[in-house]
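Written out below as structure tokens is the structure these notes cover.
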Amino acid sequence: MNLTKTSGRRTTALLASLLAGVSLLGAADDVNTAPVSGATGAAAAQSTSDEIARLRAALAAQQKQLETLQHSIEQQQKLLEKSMDAAASASQTATRKLGTVASLTPVLPAPASAMPAIPAVPAAQKSGARESSNPCEAGPDENAVPPYLRLGSVCIVPVGFMDATMVWRDKNAASGIGTNFGSVPFNNAVNGNLSEFRFSPQNSRLGVRLDGDWKGAHFIGYNEFDFLGTSGGTNLTVTNGAFVPRLRLFWVDVRKGKLEFLAGQSWSMLTPNRKGISPLPGDIFYSQVIDVNYMAGLTWTRQPGVRFLYHPSEKLTFGLSLENPDQYIGGSAGGSGITLPSGFTGLAGSQLDNGPNIGTANTVLAAPTVAPDVIAKVAFDPSSRLHVEVAGLERTFKTVNPASLSQHYTATGGGLQFGINAEVVKNIRLISTNFWSDGGGRYLFGQAPDLIVRGDGRLSLIHSGGTVDGVEATIKNTMLYAYYGGIYVQRNAAYDSTGKTLAGYGYTGAPNNQNRAINELTFGFNQTMWKNPRYGALNFMGQYEWMQRNPWYVALGAPKATHDNTIYINLRYTLPGSMPNF
């Protein structure tokens, strides 16, 4: 554009010179026709003739220069039009590539050329032109339909899906569409001789994601709800399935260069990742199953906290998080509960969280805590085909003797986790995540308590661990998966203050809900029947699940173990949309 303006100014100057020459030439012709006489007239005529010749020569030179300049301008105009056409074509192609379907279902990681989950801020332009790296500030493209909305300098993508889920179990665990792993009924119980069948839309999710760049920092805001919350209605299966929304995720993440910070409610950093230490659902491993409680043996929770990350390179990430603590003694989601000594039964629900009982009087946050849970993690991603991570957990517990307030009891525990996610053959991945802890049972979906209380009030932590191992494969539009999951809870028994009665976990005479081991085998498929970046996607999914639990103590004549069979069928419509490439 600057070259065109310069050429225009030069053309204007030449035209002005040309007009001046024409006017002089006309004046000279007028002088030449005036009447003259003698030698004076002859000299004047000769001078006028020479002047006219010079003017004509100058005019011819200027005419030739003007023709050359016009030809140059025409060539430049053609080059400019060709460049603009190429840029428009590239913009349309880039827009078409961005039209991926947004989904909260974890998928196999994209190729290395795909956009990173938490993109790094690009380096400054080497040229002198000042251009924004934020695509949300770019002008509208009339030839493309972007897969996102814009509000000011922020891009917005609605995320979520609508599920219609069918579940059948050969035992009535009364747990809805999620499996309560530790409470499968025994065959000698009433519910062990009844089956259950349900339809449910509760796993449907709605949320929004916001992205933008500001002063060299990339930020993401993420919000997500489902409908698995506890409803106050009593007619859910009679006249109105009025399922209430439940907050799943609500966080903001900011990255500038090698530093990253997250605050809000997110997946715990102890939850295994598929890529880096990203908080985005698609970069986290919580299996591909339909079961909304995922896998036995998986370490996970969604809770508030803060997270600090350092990226020395795009292949290595260090993380440290401070997350919401809880002094848990079992009872949540069918998890095993401990037996308190006779002198300390009052600790349940007041100083120690015993699952659903602590929430009966709106006292969910009644159990005191000393300090946040501290989690450290290192993730190594040498390529898109391999992810390796190691994580550590530190926890602190404290109680006071209600009968003697000067007596305080504390205990410190922790755990270690190792995980690997590797593409051994194209589109086939092997996954293994393993966790062992001293007081970390609540991170196993609450299927193991954190501690017991001894007869003198002292706290003793329970050893527990879990594993998930499996394979995931993608064949055209079909995802296939198979996993094994397992939980082991170690025995920890003690006498009460009388020295005669046993308490704790796994002791002789303990209730049969104090499990020693929980095992799960499951496999399934996820078939993409149709998808379009502008209209969304439709998936048909199925899962089979075999679950077994073994208690520590088996009464004479009672079953030594129990198991159930579960079948899931799910139809899912996923909302369209995706973020631009920052």
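What are the GluC sites (Glu not before Pro) within segment 368-431 that DSSP puts in a loop, where the Cβ has at most 11 other Cβ atoms within 10 Å?
Working: sites: Glu389, Glu394, Glu423; in loops: none.
Taking segment 368-431 and a limit of 11 other Cβ atoms within 10 Å, no loop GluC sites (Glu not before Pro) are found.
Give the separation of the Cα centroids, segment 178-219 to segment 233-299, in Å. What the calculation gives is 10 Å, centre to centre.
All other residues with a Cβ under 11 Å from the Cβ of His408 taken together, and with Lys, Arg as +1 and Asp, Glu as -1, what is their net charge?
Values: positive: Lys398, Arg458; negative: none.
Net charge in that neighbourhood comes out at +2.
Taking label points 7 Å from Cα along the Cα-to-Cβ direction, Trp546 and Ala58 give a separation of 10.4 nm. In segment 346-454, the inverse of the mean reciprocal separation of distinct Cα atoms equals 16.6 Å; this is its Kirkwood hydrodynamic radius. Between Arg246 and Val471, the modelled labels are 3.3 nm apart [label points 7 Å from Cα along Cα→Cβ]. Provide the FRET efficiency to the nearest 0.05 for the Met529-Val388 pair, computing r from the beta carbons and using R0 = 45 Å. Computed FRET efficiency for Met529 and Val388 comes out at 0.80.
Straight-distance candidates among the aspartates and glutamates for linking to Lys256, with alpha-carbon spacing under 16 Å and chain neighbours fewer than 8 residues away dropped: Asp211, Asp213, Glu314. From largest to smallest, the equivalent ellipsoid semi-axes obtained for segment 145-189 from the alpha-carbon gyration tensor read 45, 12, 6 Å. Rolling a 1.4 Å probe over the protein heavy atoms gives segment 455-582 an accessible area of 44 Å² per residue. The order of the peptides 559-566, 431-438 by mean Cβ neighbours within 10 Å, most packed first, is 431-438, 559-566.
Note on surface exposure: Asp253, Asp170 rank Asp170, Asp253 by accessible area, highest first, 1.4 Å probe. Averaging the Cα positions of each part gives two centres, and for segment 49-66 and segment 470-529 these lie 100 Å apart.
The values are calculated or read from the model by the stated rules, or taken from the named source; none is laboratory data. Values in this document were obtained by computation on a predicted structure and should not be read as measured data. As a convention, Cβ positions derive from the backbone with ideal geometry for all residues, glycine included, and neighbour counts pool all protein chains shown. For accessibility, only protein heavy atoms count, side chains too; no ligands or nucleic acids. Shrake-Rupley method; radii C 1.70, N 1.55, O 1.52, S 1.80 Å.
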